[in-house]
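Each reported figure results from applying straightforward, stated rules to the coordinates on display, with no laboratory input. Everything numeric here is computed off the predicted structure, so don't read it as measured data. Note: ideal-geometry Cβ built from the backbone for every residue, glycine included; neighbour counts use all protein chains shown.
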Amino acid sequence: MSGVGARRPVIAIDGVAGSGKSTLAAALGRHLGLPRLDTGAMYRAVTLEALREGLIQPDGTDASTNEEALAALAASLALVLGDRVLVAGEDVSAAIRTPEVDRAVSAVAACPKVRAELVRRQRAWVVEHGGGVVEGRDIGTVVLPDATVKVFLVADPAVRAARRAGQLGTTPAAVAGAMGERDLQDSRRRASPLVPAEGAHLLDTTERSVEDLVAEISGWL
């Protein structure tokens, strides 16, 4: 599905943590005049609210046993995505990027019923906006397999850790282990595993500028 009713290009950007998905998606959106959807923020917002409401333990290990409640939360969440992430009018842009959410988000995202609800919302977003740049971990494989362009990003682990540390204001050593564990969990999950989509362009962002990547991807449209 490329987004029924899409009137503009649909660009699917997947990749491992710290590979530059958000930075690239934002730059592409600006360059091409396309709206952008960060699907990872959706899973993080659900995880944040689940932690706040006590639906899951801090490490998320009980997420699968509370899947029905988590799916209901995902369906009812008053979520607005744009330059900021709003939940029921509250700006949670910073709150969803904390180590606490990092620890639990993979377990929540592994719940098939949660994924089904958020995939529904993601496809509806593409229809509503008539296309756009959509980033995540299963966009080219599950959400939008017929996207105009599919991209899968990778990067050197040390570079990825440095990027994430800069975002969180911590050290690369403090985040490297958690990043690797999340990628491993997401690549092994049964529901929508983290893998390159068929026909996706594999791009290593380690030593490439955002401008260079934007120019290359734009040339594929």
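Odds and ends about this structure:
- Size of electric dipole in the chain: Cβ of Lys, Arg +1 and of Asp, Glu -1, about Cα centre, debye, nearest 20: 300 debye
- Principal axis dimensions, region 16-139 - Cα atoms, whole angstrom, descending: 42, 28, 27
- Among 161-170, 140-149, the order from most to least packed when residues are scored by Cβ within 10 Å on average: 140-149, 161-170
- Segment Thr148-Asp62, extension gain: residue separation times 0.36 nm, minus the distance between their alpha carbons: 27.2 nm
- Relative counts (whole %) of C-alpha pair distances in the chain, using bins that are 5 Å wide: 1, 7, 15, 20, 21, 18, 12, 4, 1, 0
- Helical content of the chain, expressed as a calculated mean residue ellipticity at 222 nm, amounts to -14500 deg cm²/dmol (DSSP H runs of 4 or more residues, -39,500 (n - 2.57) each, divided by residue number, nearest 500).
- In nm, spacing of pseudo-spin labels at Glu128 and Ser187 (7 Å Cα→C-beta vector): 3.4 nm
- The length gained by stretching the chain between Arg7 and Ala174 to full extension, at 0.36 nm per residue less their Cα-Cα distance, is 55.8 nm.
- Cα→Cβ-extended label distance, 7 Å offset, between Ala78 and Val195, nm: 4.1 nm
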